[in-house]
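The next block holds one structure in the form of structure tokens; read it before the comments.
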Amino acid sequence: MSDATTSCLFCRIVAGEVPADVVRRDDRTVAFRDVTPKAPTHILVVPIEHTENAAATAAADPTLVGALVLAAAEVAAGEGIADSGYRLVLNTGADAGQTVFHTHLHLLGGEPQGWPIG
Ligand code: AMP
């Protein structure tokens, strides 16, 4: 792991150094349950490769953003919420409330999601 990523919480989860409830893993993405769920199903899908946010991920490898969405869809199906529906969220920066600066796609579902988001 590079210096830039040794202190990154989600890099450490990906590496298995910090425990997490991992529900799916492939060669480019890892999905694990959010430790403070904001919906009955709340799972984070992250790229294994460290980038700070979704735009940085897309700049590094546009196909990786698609891989995150497809992984989330597969997780949603496994959680039984593909038909009822779910929300995918990519928080970027302070005004969006981003607290972890390793790209992560929030998968939220299991009950109606309010709109607009507060
Ligand atoms: P964001 O606010 O978009 O940066 O989302 C970060 C998310 O990471 C929040 O929903 C947190 O609850 C979640 N989180 C923080 N630490 C952990 C952890 N150790 N395991 C799983 N989820 C975490």
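We did not get these values from a lab; they are worked out from the coordinates using the rules stated. Bear in mind the structure is a predicted one, so any value in this text is a computation, not a measurement. Here the Cβ is made from the backbone with ideal geometry for all residues, glycine too, and neighbour counts use every protein chain on show.
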- Query: Can you name the condition, by its number, that Phe101 falls short on among (1) touching a residue at least 24 places away in the same chain (Cβ under 8 Å); (2) surrounded by fewer than 16 Cβ atoms within 10 Å (Cβ to Cβ); (3) part of a loop (DSSP other than H, G, I, E, B)?
  - Reply: (2)
- Scanning for something among the hydroxyl-bearing types (Ser, Thr, Tyr), under 24 Å from Pro116 (Cβ atoms) and assigned to a loop (DSSP other than H, G, I, E, B), does the range 16-38 turn up at least one residue? yes
- Taking the condition surrounded by 13 or more Cβ atoms within 10 Å (Cβ to Cβ), more than 10 Å from the ligand (Cβ to nearest atom) and not basic (Lys, Arg), does Val30 pass? yes
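If I ask for residues that are free of Cβ contacts under 8 Å to residues at least 60 places away in the same chain, within 9 Å of the ligand (Cβ to nearest atom) and not aliphatic (A, V, I, L, M), which ones from the range 33-53 would you list? Working first, answer last.
In the first step, residues of the range 33-53 are kept if they are free of Cβ contacts under 8 Å to residues at least 60 places away in the same chain; the result is 33, 35-37, 46-53.
Narrowing the set further to residues that are within 9 Å of the ligand (Cβ to nearest atom) leaves 33, 35-37.
Scanning the range 33-53 gives Arg33, Thr36, Pro37.
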- Item | the range 18-27, residues that are more than 8 Å from the ligand (Cβ to nearest atom) and surrounded by 15 or more Cβ atoms within 10 Å (Cβ to Cβ) | Val23, Arg24
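Being surrounded by 14 or more Cβ atoms within 10 Å (Cβ to Cβ), in a helix (DSSP H, G or I) and either away from the ligand (no atom under 15 Å from the Cβ) or under 11 Å from the mean Cα position of the chain (by Cα) (or both): is that true of Val65 here? Break it down into steps so the answer makes sense when it comes.
On the way: surrounded by 14 or more Cβ atoms within 10 Å (Cβ to Cβ): yes; in a helix (DSSP H, G or I): yes; either away from the ligand (no atom under 15 Å from the Cβ) or under 11 Å from the mean Cα position of the chain (by Cα) (or both): yes.
For Val65, the condition - surrounded by 14 or more Cβ atoms within 10 Å (Cβ to Cβ), in a helix (DSSP H, G or I) and either away from the ligand (no atom under 15 Å from the Cβ) or under 11 Å from the mean Cα position of the chain (by Cα) (or both) - is met.
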- Message: Go through (1) assigned to a helix (DSSP H, G or I); (2) without any contact (Cβ under 8 Å) to a residue 24 or more places away in the chain for Asp83 and report which single condition fails.
- Response: (1)
